[in-house]
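The values are calculated or read from the model by the stated rules, or taken from the named source; none is laboratory data. This is a predicted model, so every value here is computed, not measured. No Cβ is skipped: glycine too gets one built from the backbone with ideal geometry, and neighbour counts run over all protein chains shown. With ligands, DNA and RNA removed, areas are computed over all heavy atoms of the protein, side chains included. Shrake-Rupley method; radii C 1.70, N 1.55, O 1.52, S 1.80 Å.
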Amino acid sequence: MSRELLFEIGVEELPAGYVSPALEQLASGVRAGLESLRLGHGGVITYGTPRRLAVLVHRVVERQSDFEEEAMGPASKVAVDAEGRPTRALLGFCAGKGVEASAVRRVETAKGEYVTVTVHHTGKPATEVLPAMLATVARELQFPKSMRWDAGDYRFGRPVRWLLALFGGDIVPVAAFGLAAGRTTFGHRFLHPGTLEVRDPAAYLDALRAAHVVADQNERRRMVVEQVAAAAVERGGRVVADDELTDIVNYLIEWPTAIPGGFGERYLDLPREVIVTALREHQRFFAVEQPDGALLPCFITVRNGDARGV
C-alpha cells in the first residue's frame, strides 16, 4: 500500500531568486531522506511561489522495508571463556543488538576470529519516521541570506508562518520553527486572505487555485508568457524576449495578471539598451517592440492580483 506525501512550508514573501534553488534543495533532501528511511516512492514534484515551498511525493509506501544487518562483535577469545561460556563482552554485545548469545557465530577475518550475528530489523510505519525527516530537511534549506525571527533560534530565508504536511488524508506531525504542521494553508494574501484546509495531497493545487494561487511554477510561467504576449499584441507590437525577466516575475507573484502601460514618446530618443534596461531592472517591466525591432512607447507589467487591481 502507498499514499501521496505533501509537505508545504509557508513563509513571508521570499526574494524571487531564493525560490528555485530552495525547491531544488527540498526535492533532493526529501529524496535522500526517504531513501535513508527505506521508504520506496514514485516521482517527486515541487511547487513554489514567494509564499510557499512545497514538495509532493507520489506513492510513498506505508511502512519501511525490513532489512538484515551483519553485526561484527568482539574477538572470539574475549567473547567466550575457557569453558566456552559467554563473557560479559559477548553478553553486552548481544544485548545491544537484541539477540541471544546462541545466535552468534564465529567467522575468520584478516585480524583473526571474531563473532558475528545477523540482526533482523523490522520496518516502522511511515507515519512514525516521516516527521523527523521532513523537519530536518526544512531546517537545513540554505539561502543566500537567512533571517531570525521571534524569540526562537530559527533561521530561514524569511520567517516561516505555517507548515502543512499530509500523508494521504492524515496529518504528519512535523514540528519545526516553533510550529506544528496541520492541513491548513493560506490563499492569496489579498484575494483570499483567510485560511483553507487541504483534505489530501491530490486536492492541493485545486484548493489553492480556488484561493487565487497558482502554485505550480511551470503553469504560472506559461500564464505569464501568454498574457504578456497577448497584451503586447493589443498594443500593436511584440514582447522583447527576456527569459530571465520572465523567471524573476514568475517568482514574484501567485496570481498573474498582465497590465499594459506607456511612457512619453520623447524617451524613444534614448538608446534602446537604456530604455529596455531601465524597464527591466528598475520596474521588472517587459519592453515592447514593433516587427522591425523599433521600440514602442509602452511596456507590459504583471500584477500579483486580478484585473480589478486587487
- Query: List the pairs whose first member sits in segment 213-238 and is assigned to a loop (DSSP other than H, G, I, E, B) and acidic (D, E), whose second member is modelled with pLDDT of 95 or more and open to solvent by less than 60 Å² (accessible area, probe 1.4 Å), and whose Cβ atoms are under 6 Å apart, counting only residues at least 6 apart or on separate chains?
  - Reply: D216/Y47
- Quick count over segment 66-90, residues being of a type outside the set (G, A, S), over 26 Å from T122 (Cβ atoms) and open to solvent by 50 Å² or more (accessible area, probe 1.4 Å), is 6
- Somewhere in segment 187-204, is a residue closer than 21 Å to L14 by Cβ and part of a strand (DSSP E or B)? yes
- Item | Candidate set from segment 134-172 (those that are without any contact (Cβ under 8 Å) to a residue 40 or more places away in the chain and of a type in the set (A, V, I, L, M)); member that is farthest from L14 (Cα to Cα) | I171
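The rows are residues; the columns are (1) within 28 Å of G187 (Cα to Cα); (2) of a type in the set (D, E, K, R); (3) exposed (fewer than 15 other Cβ atoms within 10 Å of the Cβ).
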residue	(1), (2), (3)
R235	no, yes, no
L252	yes, no, no
A258	yes, no, no
P271	no, no, yes
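Does A180 meet the test of being of a type in the set (G, A, S), without any contact (Cβ under 8 Å) to a residue 24 or more places away in the chain, touching a Gly at 6+ places or on another chain (Cβ under 9 Å) and under 30 Å from R63 (Cβ atoms)? Don't jump to the end; show me each part of the working.
Working: of a type in the set (G, A, S): yes; without any contact (Cβ under 8 Å) to a residue 24 or more places away in the chain: yes; touching a Gly at 6+ places or on another chain (Cβ under 9 Å): no; under 30 Å from R63 (Cβ atoms): yes.
It is false that A180 is of a type in the set (G, A, S), without any contact (Cβ under 8 Å) to a residue 24 or more places away in the chain, touching a Gly at 6+ places or on another chain (Cβ under 9 Å) and under 30 Å from R63 (Cβ atoms).
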- Item | When residues of segment 117-131 are limited to those that are out of contact with any helix residue (DSSP H, G or I) (no Cβ under 8 Å at 6 or more places or on another chain) and surrounded by 15 or more Cβ atoms within 10 Å (Cβ to Cβ), the one nearest to A180 (Cα to Cα) | P131
- Task: Check R308 against each of (1) surrounded by 12 or more Cβ atoms within 10 Å (Cβ to Cβ); (2) modelled with pLDDT under 95 and name the one condition it does not meet.
- Result: (1)
- Note on the structure: F93 passes all but one of the listed conditions (1) open to solvent by 50 Å² or more (accessible area, probe 1.4 Å); (2) in a helix (DSSP H, G or I); the exception is number (1)
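Each row is one residue, and each column tells you yes or no for (1) under 30 Å from T246 (Cα atoms); (2) in contact (Cβ under 8 Å) with a residue 24 or more places away in the chain; (3) touching a Leu at 6+ places or on another chain (Cβ under 6 Å); (4) not aliphatic (A, V, I, L, M).
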residue	(1), (2), (3), (4)
Y18	yes, yes, no, yes
S36	no, yes, no, yes
R63	no, yes, no, yes
K77	no, yes, no, yes
A89	no, no, no, no
G96	no, no, no, yes
V99	no, no, no, no
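Can you tell me which residue is surrounded by the most Cβ atoms within 10 Å (Cβ to Cβ) among those in segment 96-109 that are part of a loop (DSSP other than H, G, I, E, B) and not acidic (D, E)?
Within segment 96-109, the first condition is being part of a loop (DSSP other than H, G, I, E, B), and the residues that meet it are 98-100, 104.
Retained after the next criterion (residues that are not acidic (D, E)): 98-99, 104.
Details: G98: 11, V99: 17, V104: 24.
In this case the residue turns out to be V104.
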